[in-house]
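Report on the structure given below.
Where a number appears in this text, it was derived from the coordinates with a stated rule and is not lab data. Model, not experiment: these values are computed from the prediction. Cβ placement follows ideal geometry from the backbone for every residue including glycine, while neighbour counts extend to all protein chains displayed.
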Amino acid sequence: MSNENQILELALSIARQAGELLMNRPASWDLTVKSTAIDIATQMDHASEKLIVEAILSARPNDGIIGEEGADREGTSGFTWVIDPIDGTVNYFYGLPGWNISIGVKDSQGVLVGVVHSPTFNSMWHAVRGGGAFLNNEKIECNNPVQLDKALIATGFAYEVKDRENQIEIIDQLILKIRDIRRMGAAATDLCCVASGMVDGYIETGLKEWDLAAGSLIAREAGAVVTTQIWRGMELTIAAGPELFKQISRAIPE
């Protein structure tokens, strides 16, 4: 078995274990405020990250780790795991579906392996660089070509309330030109929905590496274009099939 396939199998196994842990939601909550009062972590974010990190280091002690909840460590193997133990914590906290466990593994050339597991959607997406994208082991492709006026676009909103003013301007520009908007509540799920054709495109600002690592690889391997660029001082991510990507990019206000 190749190195990337060994890493993939480990990531899939760890994501399933974390999913089983998280499906047992607690009766009470221990909340931690992060960047703003509406940006939270729960005790389950920390428990999931602990499970994931311990499983990685048990199997691959020389790998590096970047974790949303702070489990960062330098590695010596050339591989670094980029993990979001609960992407969509607010959904998880409220008992809404769509949250996921996101696990990406990068090497010197970028993200090599991506796994996104959304237990409430009964969905396990995965990709290895150059090997295509899969949902529950079935090969997937993004929707292409799609015209802007027929496009279903997913989005999300920043925890920094001041950034939402600019985000709302994007929505104001797009809403009269597209089919409709969807709000999943978890960036990696949105990217994977682009990959599997459940939405046509996705736009959001302010995403972090752990939001993008796995989902962006999966979307690209499904044929989507995924970019992050500076827009009004924020990082704007756009993901869509090639034809729609060009149309969304032209529709974004300056």
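Could you check which residue among 177, 150, 162 shows the biggest mean-square fluctuation in a GNM of the chain with a 10 Å Cα cutoff?
162
How tilted is helix 3-23 with respect to the longest principal axis of the chain? Cα atoms for both, answer in degrees (0 to 90, nearest 10).
Between the helix axis and the principal axis of the chain, the angle is about 90 degrees.
Using a Gaussian network model of the chain whose springs link C-alpha atoms within less than 10 Å, name the residue from 51, 191, 112 with the highest mean-square fluctuation.
The residue with the greatest mean-square fluctuation here is 51.
Just report the Cα centroid separation between the range 8-46 and the range 124-154, whole Å.
26 Å
Give me a comma-separated list of calculated 3J(HN,Hα) values for the range 159-167, in order, Karplus coefficients 6.51, -1.76, 1.60 applied at θ = phi - 60°, integers in Hz, x for any Gly or Pro.
Each residue's phi maps through the Karplus curve to give 6, 7, 4, 4, 6, 5, 4, 5, 4 Hz.
What ranking do 81, 125 get, fewest neighbouring Cβ atoms within 10 angstrom at the top? Provide the component values of the computation, followed by the final result.
Numbers: 81 28, 125 32.
Arranged by neighbour count, lowest to highest, 81, 125 become 81, 125.
Between 0 and 90 degrees, rounded to the nearest ten: what's the tilt of helix 242-251 against the longest Cα principal axis of the chain?
Result, in degrees: 60.
Are any of the pairs 34/246; 34/106; 34/162 more than 24 Å apart by Cα-Cα distance, and if so, which?
34/246; 34/106
Among 178, 78, 251, pick out the residue whose Cα is farthest towards the positive end of the charge dipole of the chain, where Lys and Arg carry +1 and Asp and Glu carry -1 on C-beta, about the Cα centre.
Farthest towards the positive end: 178.
How large is the charge dipole for the range 137-254, taken about the Cα centre, if only the Cβ atoms of Lys, Arg (+1) and Asp, Glu (-1) carry charge, to the nearest 20 debye?
Working: 13 positive and 18 negative charges, 36 e Å.
Charge dipole, the range 137-254, about its Cα centre: 180 debye, nearest 20.
Mind checking the angle between helix 209-221 and the chain's longest principal axis? C-alpha axes, 0 to 90 degrees, to the nearest 10.
Once rounded, the angle reads 70 degrees.
Sort 33, 113, 226, 199 so that the residue with the fewest other Cβ atoms within 10 Å of its own Cβ comes first and the one with the most comes last.
33, 226, 199, 113
Project the alpha carbons of the range 114-169 onto their principal axes and report the range along each, largest first, in whole Å.
Projected onto its principal axes, the Cα set of the range 114-169 covers 40, 29, 24 Å.
Whose amide H sits under 5 Å from the amide H of residue 98, counting only residues 5 or more places off or on another chain, with H placed in the peptide plane?
120, 121
Where is the GNM fluctuation largest for the chain (alpha-carbon springs, 10 angstrom cutoff): 241, 64, 131?
Per the Cα network of the chain with a 10 Å cutoff, 131 tops the list.
Around residue 235, which amide H atoms from residues at least 5 apart in sequence, or from another chain, sit under 5 Å from its own amide H, with H modelled in the peptide plane?
206
Taking only the alpha-carbon atoms of the range 148-251, what semi-axes of the equivalent ellipsoid follow from 5 times the gyration tensor eigenvalues under a square root, in whole Å, largest first?
Result for the range 148-251: semi-axes of 18, 17, 12 Å.
How large, in Å, is the range 3-140 by the Kirkwood hydrodynamic radius built from its alpha-carbon pairs?
Details: mean 1/r = 0.0654 Å⁻¹.
Hydrodynamic radius (Kirkwood, Cα pairs) of the range 3-140 is 15.3 Å.
For residue 112, which sequence-distant residues (separation of 5 or more, or a different chain) have an amide H within less than 5 Å of its own amide H, given hydrogens modelled in the peptide plane?
HN-HN under 5 Å from residue 112: 105, 106, 107.
Sum -39500 (n - 2.57) across every DSSP H segment of at least 4 residues in the chain, then divide by the residue count to get the 222 nm mean residue ellipticity, nearest 500.
Calculated from helices alone, the mean residue ellipticity at 222 nm is -11500 deg cm²/dmol.
With +1 on each Lys and Arg Cβ and -1 on each Asp and Glu Cβ, how big is the dipole of the chain about its Cα centre, in debye rounded to the nearest 20? Mind dumping the intermediate values first?
Values: 21 positive and 34 negative charges, 93 e Å.
For the chain, the charge dipole is close to 440 debye.
If you take every residue apart from residue 131 with its C-beta less than 13 Å away from the C-beta of residue 131, what net charge results, scoring Lys and Arg +1 and Asp and Glu -1? Show your work: numbers first, answer last.
Values: positive: 129, 139, 220; negative: 4, 221.
The answer is +1.
Please compute the alpha carbon radius of gyration of the range 82-137, then divide it by the globular-protein estimate 2.2 N^0.38 Å. Two decimals is fine.
Here the Cα radius of gyration is 1.22 times the empirical estimate.
Provide the per-residue ³J(HN,Hα) series for the range 188-199, in order, calculated from phi with Karplus coefficients 6.51, -1.76, 1.60 and θ = phi - 60°, each as a whole number of Hz, with x at glycine and proline positions.
5, 5, 4, 4, 6, 5, 4, 4, 9, x, 7, 9
To the nearest 0.05, how large is the calculated FRET efficiency for residue 6 and residue 176 if R₀ is 45 Å and r is the Cβ-Cβ distance?
Working from the Cβ atoms, E equals 0.35.
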